[in-house]
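Please read through the structure below; I'll follow up with questions.
The values are calculated or read from the model by the stated rules, or taken from the named source; none is laboratory data. Just so we're clear, the structure is a prediction, and the values are computed from it rather than from any experiment. All Cβ positions, glycine included, derive from the backbone under ideal geometry; neighbour counts span all protein chains shown.
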Amino acid sequence: MAFQIRKLVTYKEQIFIEGGKAVQTPLNMVAVAAIITNPWHGRGFVEDFKPQIREHCSDLGQLIVAQLAQAIGGAARIEAYGKAAVVGEAGEIEHASAVIHTLRFGNHFREAVDAKSYLVFTNKRGGAGTSIQVPMMHKDDEGLRSHYLTLELRIDDAPRADEIVVVLGAADGGRPHARIGNRYLDQQELAAEQSAI
């Protein structure tokens, strides 16, 4: 049995110009959000989330990943990825976390894109129309700063007080005109500075 899904929302951006300069290859960023009824809403303090996690999270992950892969033109195109969840005002942030911070949910995404990096995330509480930020990083290399991206979206009628918005985001490249290097170069520079002291 799956979570009760009120609707799915797909959000897309395609960037052609950044900083006044044309992009050689347009950057595509996509998010798919599932608006689900919060299964723990109205039950008071719930100690054990595992029954719902075991029963529902895998199906939800599989569904969103399939929709996301289709929206971006295939899982093989995905270079950067991330996730987010927003619980409605009558829920706990832990409710949002319980859905996205489980391997039953996230492994569908990791396996679909053959990823080595962990899934970066945000989770928060908010009302309908709240800003949702989906951070992303390179699927194979968390130190590659060019792929530190954030996709922002809003859904006018979600989350309702008794809902959770669950989002996966993906990009088919890094930031246009990325030029700040990566953390490995920083490490080398810092090590060289230390050895010169």
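Criterion first (surrounded by 17 or more Cβ atoms within 10 Å (Cβ to Cβ), touching a residue at least 12 places away in the same chain (Cβ under 8 Å) and in a loop (DSSP other than H, G, I, E, B)) does GLY127 satisfy it?
Numbers: surrounded by 17 or more Cβ atoms within 10 Å (Cβ to Cβ): no; touching a residue at least 12 places away in the same chain (Cβ under 8 Å): yes; in a loop (DSSP other than H, G, I, E, B): yes.
So GLY127 does not fit the description; no.
Considering each of ALA112, ALA98, ALA22, ALA66 in turn, give the residue that is over 20 Å from PRO159 (Cα atoms) and surrounded by 19 or more Cβ atoms within 10 Å (Cβ to Cβ).
Values: ALA98 fails: over 20 Å from PRO159 (Cα atoms); ALA22 fails: surrounded by 19 or more Cβ atoms within 10 Å (Cβ to Cβ); ALA66 fails: surrounded by 19 or more Cβ atoms within 10 Å (Cβ to Cβ).
Within the list ALA112, ALA98, ALA22, ALA66, the selection yields ALA112.
Identify all residues within the stretch 142-159 that are touching a His at 6+ places or on another chain (Cβ under 8 Å), closer than 17 Å to GLY169 by Cα and part of a loop (DSSP other than H, G, I, E, B); write none if there are none.
Result: no residue meets the conditions.
Let me ask something else. Looking at the stretch 1-56 only, could you name the residues that are in a loop (DSSP other than H, G, I, E, B) and of a type in the set (Asp, Glu)?
Correct list: GLU47, ASP48.
Please go through the stretch 73-92 and give me each residue that is under 16 Å from the mean Cα position of the chain (by Cα) and either in a loop (DSSP other than H, G, I, E, B) or under 25 Å from THR130 (Cβ atoms) (or both), ordered by number.
ILE78, GLU79, ALA80, TYR81, GLY82, LYS83, ALA84, ALA85, VAL86, VAL87
Collect the residues in the stretch 93-124 that are in a loop (DSSP other than H, G, I, E, B) and out of contact with any helix residue (DSSP H, G or I) (no Cβ under 8 Å at 6 or more places or on another chain), keeping them in residue-number order.
HIS101, ASP114, LYS116, SER117, TYR118
May I ask you to verify whether ILE72 is of a type in the set (Val, Ile, Thr), modelled with pLDDT of 95 or more and over 16 Å from VAL166 (Cβ atoms)?
yes
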